[in-house]
1. Under 8 Å between Cβ atoms, which residue pairs at least 6 apart in sequence (or on different chains) link something in the range 58-69 that is on the phi < 0 side of the Ramachandran plot with a partner that is among the β-branched types (V, I, T)?
2. Looking at the range 103-127, I want the residues that are free of Cβ contacts under 8 Å to residues at least 12 places away in the same chain and have a partner that is surrounded by 14 or more Cβ atoms within 10 Å (Cβ to Cβ) and in a helix (DSSP H, G or I) with Cβ atoms under 9 Å, at least 6 apart or on another chain. Which pairs are those?
3. Looking at this structure, is A27 open to solvent by 60 Å² or more (accessible area, probe 1.4 Å), over 22 Å from the mean Cα position of the chain (by Cα) and at pLDDT below 55?
4. I'm told D210 meets every condition in (1) crowded, with 17+ Cβ neighbours inside 10 Å; (2) within 29 Å of L77 (Cβ to Cβ) except one. Can you identify the failing condition by its number?
5. Provide a single number: the residues in the range 235-262 that are touching a helix residue (DSSP H, G or I) at 6+ places or on another chain (Cβ under 6 Å) and within 15 Å of F225 (Cβ to Cβ).
6. Would you confirm whether or not the range 115-127 contains a residue that is under 17 Å from A204 (Cβ atoms) and touching a Gly at 6+ places or on another chain (Cβ under 6 Å)?
7. Could you tell me which numbered condition K8 fails, if it satisfies all but one of (1) surrounded by fewer than 19 Cβ atoms within 10 Å (Cβ to Cβ); (2) modelled with pLDDT of 90 or more?
8. Checking G230 against (1) open to solvent by 90 Å² or more (accessible area, probe 1.4 Å); (2) at positive phi, which single condition isn't satisfied?
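The values are calculated or read from the model by the stated rules, or taken from the named source; none is laboratory data. Predicted model only: the values in this text are computed from it and were never measured. Positions of Cβ are generated from backbone atoms using ideal geometry, with glycine treated the same way; all protein chains shown enter the neighbour counts. In case anyone asks, the SASA skips ligands and DNA or RNA and just uses the protein heavy atoms, side chains included. Shrake-Rupley method; radii C 1.70, N 1.55, O 1.52, S 1.80 Å.
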Amino acid sequence: MNYIRTFKPILFCVLLLQIAAGTRLSAGEDRDRTSGPYSLFYQANALYQESRYEEAAALYRELVDNGYESGNLYFNLGNTYYKLGRTGLAVLYYEKARRLIPRDADLLANLNYVLEGVEEGIPDWKSEFFRNLVTYLPAEQVVVLASCCFFLFTALVIAGLLFPEKIRAGYRSLWLVFCSVSGFFFLFFLTLSGLQYYDRLTPAGVAVGDGLVRYEPADHATVHFTLAEGSRVKIAGEKDNWYLITRRDGKRGWVEKLYIEKI
């Protein structure tokens, strides 16, 4: 928990975001760490190292509010909120980072450490398997892999149609193997992409405070259970100032929106 990530891994993401927005860094800014987002990030890192966590969090949040997104940026912000004792926000930003760098060992270790003190209930194995499956790879990587497998399969089929004699002469078995493998993985990644899309249809959130979950969206309704800060939930619906949430163990009820931040 005492270390943070450097800015280099997020530089490429920053440049992509600026290109997508129709802007780009000037030649001087591209090399100078004392200007723009580079300056903010390094200042925030320095403040973190000096244990000035509130100020560091403010600078990291400024980057986030300005549209910069990176697994390492979210990772550092999660570490900062952990140091501030704000478990809910730490889990929130670790989970945001997990969507971009899902297999990062340091991230997973920190997230699991923070969650040790959070009562989330015991999920059933089916829901846990589904969650691990859809979070194993970032959605962007799944789309790229599915596209690569599709193009490879298509190229092999076209080659089989254009050069049938050559394939029958000595490459039929190899051609069939590559067609089968590329077709299988295309269907696998396509299915995984569909599952990720389905999972995103129900927004996820994190409790940023201990909230009372009630059977109905009303202050006078009977309390069902207490939602611990840091608990990860699915948001199944909303009404006025209330969210209908489902905890990881399947418990369901209404909680005020002020206790939940969407991932």
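1. Partner pairs satisfying both residue conditions: Y60/T80; Y68/I10; Y68/V14.
2. Pairs that qualify, where the first residue is free of Cβ contacts under 8 Å to residues at least 12 places away in the same chain and the partner is surrounded by 14 or more Cβ atoms within 10 Å (Cβ to Cβ) and in a helix (DSSP H, G or I), are L108/Y94; L108/R98.
3. Yes; evaluated as a whole, the condition is true for this residue.
4. It is condition (1) that D210 fails.
5. Going through the range 235-262 one residue at a time, the tally reaches 1.
6. Yes: the range 115-127 contains one or more residues that are under 17 Å from A204 (Cβ atoms) and touching a Gly at 6+ places or on another chain (Cβ under 6 Å).
7. All conditions pass for K8, except number (2).
8. It is condition (1) that G230 fails.
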